Amino acid sequence: MQSRAARLGVIAAVVVAAIVVFVVLKSNNSDKSSNTAKGVQTLHVGSSGNPVGGVKTLTYNKGDQVQLRVILAVPEEAVHVHGYEIEKPAAKSPVDFSFPANLDGVFEVEVHRINHTEGPIAELHVNP
Amino acid sequence: MRVRSPGFSSRTSPSAHALVGRKDLPVPAWLFAWGASLVLIISFALLSVAWTTARLQKEDWRPTPRWFSRVVLNPLTQVICGLVGVFLLFLVLYAGFRGIEDPTHNFSIIFVFYTFWLGMVVLSVLLGDVFRAFNPWRAIGRVVSGGFRLVAGQSAPTPFRYPEWLGRWPAVLGVLLFIWLELIAGGGIAPTPHKVAVATVIYTTITFVCMALFGVEEWIGRGEAFNAYFGMFSQLGPLERRDDRVGLRKFLTGAPQWALVPGAAALVLTSIAVTSFDGAQEGVLSGAITWTFDRCSDAGLSLPNSFRVANTIWMLITLAAVSGLYWLGVAGMHTVRGSPAVKQLGRSFAHSLIPIALAYLVAHYFSAFLYQEQAQFTYILSDPLGHGSDLFGTAGGGINYGIVSSNTVWYVQVGALVVGHVVALTLAHDRALAVYDNVRHASRSQYFMLAVMVGFTCFGLFLLSQANA
């Protein structure tokens, strides 16, 4: 198995196998579009500045419109969407967001509390 | 920008506050499956086409033209590089003590954990052991010992010889503590610039003491953690300095010699383990860490301390698991006839994991590095303290998180792991041919190494497919 031709043959076989497996797996890929968030998503923030019911994960496909309504039990300083770098004052509730999901990745939505701490209230997953 | 100290009031495990505004989506299942099957296909193909006499054991180092060495290594360049290093060390301390507390806007955080810790790895692979030239502790040490020679007329005495058994162990400890500072010391949030500055002062002090005890070049060349860590990656590249000449060697031929020192295996395994831990902290291990965290806080520890204890325990468990996998493979190899003692065998193959350590770094930090370097060269550059200065007119700049798409990130991550795997197998195979006296034994020993490498690579892929923070 040491001749030059045999080696090239094995390498070619590997390349072919890699491409075939890639194409097969990729075409079977259907995890897109499944459970994406639609319409206005409401996020409640309790009086301790923590999200009621834990940090929610909201899934979108790239290009979808993200619509969030953050309802705060007490006034806080701001609500901040990471990555998109949208920050809105949160002295008055509700705080509304509407923007196109034109950046894929995972982004935290965070409340900046009046006592200068901050914490996540939701996580946006934007699929490519 | 206001000073914020992120806190946590709920009884849930606080996760390390992301410095980065955009985290990567987990590698999709199909790509994970592809990467894993590719790894298997390539591994077996490699076994069947591989060469039968060792080719990478001799360095075959050839000096570059004399003028080139003179340009690179003349005293003026050395002084300039040393000054740059010392200036950056000073800036880390100054920004840490005097700058804004917000880690995302302080030079000391972005520089130490991204530009320095990750960027220097890239430079080391491409250009060789460049950190040595910029090493601020070495530069100061050389000035002090030079001054001593001038005044006393003789070299400063070094009370101790660097013990052989100590090898790369100080670097192992250094890397562990550095990552502990990055991921754990903050107790659930990023370490404050102040903490980083204090750690820098402590490390600087230790380094000065050790240089005084063992000699400047001796300590820098063997005990100093960053030099040893970056030096490890520089073994993969072709450029190496010897005395007053810069030379070229064949790719990968530097690595085999590197591993024969005590602690070398531990250093490369530590590097793989801490990167794994960083990837697993908010993914695979988050449940286990939360459980431990709850037990700690039930026992009466404060929340930050519970975070520290829980994460320290799991970081050490990760280290034990990663090391265990490697030594298990070595023990398997030992069953092949003609094997040297287990300890020696483990050392002989440790260098073959350097490409995997590098691949893990690329896979886990590639996107974060691209983002943070934008910060480094825009607002951090013009406003290193976060006090509102605008030295170079770039303070208004920000991070463009759209610079790479998720698809690009995924392909780079999976590609890095697969390439690292192939290079690692190549190095291990070649070493086996040198260690064993016949090809059949060498090939048999490699079934075990193959299992170890496939284990590491698929584990790396698995981490990326779970959470990709």
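Below is a table of values for the structure above.
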item	result
Chains A and B together, accessible area buried on both sides, 1.4 angstrom probe, square angstrom	3000 Å²
Shielding score for B:203-213, defined as the mean number of other chain Cβ atoms within 10 Å	0
Sequence-separation-based contact order of chain B, relative, with Cα cut under 8 Å and 6+ spacing, percent	26 percent
Label zone at B:L73 (point 7 Å along Cα-to-Cβ), backbone N below 17 Å, the stretch B:237-257	B:238-250
Chain A - percent relative contact order, Cα under 8 Å, separation 6 or more	24 percent
For A:L58, residues with placed amide H under 5 Å, excluding near neighbours	A:E123, A:L124, A:H125
The protein assembly as shown, accessible surface, carbon-and-sulfur percent (1.4 angstrom probe)	66 percent
Viscosity 1.306 mPa s, 10 °C: Kirkwood-radius Stokes-Einstein D of the stretch B:238-291 over Cα pairs, µm²/s	112 µm²/s
Cα lying deepest toward the dipole's positive end in the protein assembly as shown, options B:L391, B:I42, B:Q344, charges on Cβ	B:Q344
Euclidean distance between Cα centres, the stretch B:371-440 to the stretch B:298-340, Å	25 Å
Per residue accessible area in Å² of the stretch B:24-119, where ligands, DNA and RNA are left out and the probe is 1.4 Å	48 Å²
Computed Kirkwood radius, in angstrom, where 1/r is averaged over Cα pairs of the stretch B:96-188	16.6 Å
Kirkwood hydrodynamic radius over Cα pairs of the protein assembly as shown, then Stokes diffusion coefficient at 25 °C and 0.890 mPa s, in µm²/s	94 µm²/s
With 10 Å bins from 0: P(r) over the stretch B:396-469, alpha-carbon pairs, percent	17, 34, 23, 15, 8, 3, 0
Long-range HN-HN contacts of A:H44 with modeled amide H, under 5 Å	A:V52, A:I71
Calculated P(r) of chain B - Cα pairs past 39 Å, %	24 percent
Cross-link table A:K26/A:K62; B:K23/B:K343; A:K56/A:K88; A:K38/A:K92; B:K58/B:K343, entries beyond 29 Å C-alpha to C-alpha	B:K23/B:K343
DSSP-defined antiparallel bridges as percent of all bridges, the protein assembly as shown, nearest 5	70 percent
Highest average packing first - B:194-205, B:140-151, Cβ atoms within 10 Å	B:194-205, B:140-151
The stretch B:278-421 - percent relative contact order, Cα under 8 Å, separation 6 or more	18 percent
Å² per residue, accessible surface of the stretch B:299-338 at 1.4 Å	47 Å²
Dipole-positive endmost among B:I272, B:F233, B:C296 within the stretch B:222-306 (Cβ charges, Cα centre)	B:F233
Over chain B: helical MRE at 222 nm, DSSP H runs n ≥ 4 each giving -39500 (n - 2.57), nearest 500	-21000 deg cm²/dmol
Percent of Cα-Cα distances greater than 22 Å, calculated over the stretch B:283-367	49 percent
For the stretch B:51-67, Karplus couplings with θ = phi - 60° (6.51, -1.76, 1.60), whole Hz, Gly/Pro x	6, 10, 10, 4, 10, 10, 7, 9, 6, 6, 6, 10, x, 7, x, 4, 4
Diffusion coefficient, µm² s⁻¹, Stokes-Einstein with Kirkwood Rh over alpha-carbon pairs of the stretch B:150-266 at 37 °C and 0.692 mPa s	201 µm²/s
Integer Hz, Karplus 6.51/-1.76/1.60 couplings in order for the stretch A:89-97, x for Gly and Pro	x, 10, 5, 10, 9, x, 10, 9, 10
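The values are calculated or read from the model by the stated rules, or taken from the named source; none is laboratory data. Please read all numbers here as calculations on a predicted model, not as lab measurements. Backbone-built Cβ (ideal geometry, glycine too); neighbour counts: all protein chains shown. These accessible areas exclude ligands, DNA and RNA; they are computed on the full protein's heavy atoms, side chains included. Shrake-Rupley method; radii C 1.70, N 1.55, O 1.52, S 1.80 Å.
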